[in-house]
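Here's the structure we're looking at; comments come further down.
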Amino acid sequence: MMAPPLKTIAFGFRPELCVGCGRCIIACLDAHDTPIGTVPPLRVSGRVESEDAGQADIEYYTAACFHCEAAPCAAVCPKGCVRLDDVVPLVVLDNEFCIGCGNCARVCRYDAVRFRGGRAFKCDGCAERVRRGQKPVCAAVCSQGAITLDDRNEVLRTGRQWIAAAIKS
C-alpha cells in the first residue's frame, strides 16, 4: 500500500530498473478490460539499442499519460469529459458524452489519448485504486520498482538528476 496522495502527483520512471518484461502493459489492459490487439494500449513500451566502442546497450522504457498539472486536454474538451479527479490529483476522462472531436489528442504532447468506438480514452492513473491508497496497477506489478507514483516535485527532481547524469556520461 502507498501513502495517501499528496497535493500533486506524477508517474515516475526509472529506466535503469526496467527489464522490458511488459507486465505493466498487460496489467493495464486487464484492469481496463481492453482486449489485447483491439486498440493501442494506454501504456506503451519499447527499447532503445545503442553501441559504444563495440559494447551493445539496451535500455527499456514505458510511458502513459503524464497527468499534466495544467492538462491541455482538459482545457480543450468542449464537453468537459477530461478533468482533474475530485479526490486525487490525476487527470481522468469520462467519455460518456465524448463527441470524438479529437481536440484532446491534438494537444497532448505525449500521444496518450486513444480512440475506440469514436470516443476518447486515456490512462486514468488507476484513480479508483489510488483513492483507496493502492498503487496504480502498472506500478503494483512492476517487480523492479521502475514505475512509481510520487509527489510531482520529487518526480521532476529525480528526472533532472537522471538527465544530468546521462549528459555527463
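Just so it is clear, none of the values below were taken in a lab; they were calculated from the coordinates. Everything numeric here is computed off the predicted structure, so don't read it as measured data. All Cβ positions, glycine included, derive from the backbone under ideal geometry; neighbour counts span all protein chains shown.
Size of the dipole of the chain about the Cα centre, Lys and Arg at +1 and Asp and Glu at -1 on the beta carbon, nothing else charged, in debye to 20? Write out the running numbers ahead of the final one.
Working: 21 positive and 19 negative charges, 85 e Å.
Dipole of the chain, to the nearest 20 debye: 400 debye.
What is the extension gain from residue 84 to residue 158, computed as 0.36 nm multiplied by their sequence separation minus the C-alpha to C-alpha distance, in nm to one decimal?
Numbers: separation 74, 0.36 × 74 = 26.64 nm, distance 2.41 nm.
Gain on stretching residue 84 to residue 158: 24.2 nm.
With r defined as the distance between the Cβ atoms of residue 119 and residue 53 and R0 fixed at 35 Å, what FRET efficiency is calculated, to the nearest 0.05?
Numbers: r = 50 Å, r/R0 = 1.43.
Computed FRET efficiency for residue 119 and residue 53: 0.10.
Of 153, 18, 58, whose Cα points farthest to the positive end of the dipole of the chain (charges on the beta-carbon: +1 Lys, Arg; -1 Asp, Glu; origin at the Cα centre)?
153
Report, ordered by chain and residue number, the lysines lying within cross-link reach of residue 122, taken as a straight Cα distance under 30 Å and ignoring same-chain residues fewer than 8 apart.
Output for residue 122: 7, 79, 135.
Once every DSSP H run of n ≥ 4 in the chain is given -39500 (n - 2.57) and the sum is divided by its residues, what mean residue ellipticity at 222 nm do you get, rounded to the nearest 500 deg cm²/dmol? The partial results should precede the final answer.
Working: 6 runs with 46 residues, N = 169.
Result for the chain: -7000 deg cm²/dmol, rounded to the nearest 500.
If you find the alpha carbon centre of the range 94-169 and of the range 4-48, how far apart are they in angstrom?
Measuring centre to centre over Cα atoms gives 8 Å.
Checking the a/c ratio against 1.5 first, then a/b against b/c, what shape does the Cα gyration tensor give for the range 1-114? Working shown, then result.
Numbers: a/c = 1.91, a/b = 1.67, b/c = 1.14.
Judged from the Cα gyration tensor, the range 1-114 comes out prolate (a/c at least 1.5, a/b above b/c).
Within the range 95-112, list the residues whose amide N lies under 16 Å from a label point set 7 Å along Cα→Cβ of residue 33.
Correct set: 95-96.
Under 1.5 on a/c is rounded, so check that first for the range 76-169, then, if it is not, pick prolate when a/b is larger than b/c and oblate when it is not; a ≥ b ≥ c are the square roots of the alpha carbon gyration tensor eigenvalues. The partial results should precede the final answer.
Values: a/c = 2.29, a/b = 1.57, b/c = 1.46.
Taking the square roots of the gyration eigenvalues as a ≥ b ≥ c, the range 76-169 is prolate.
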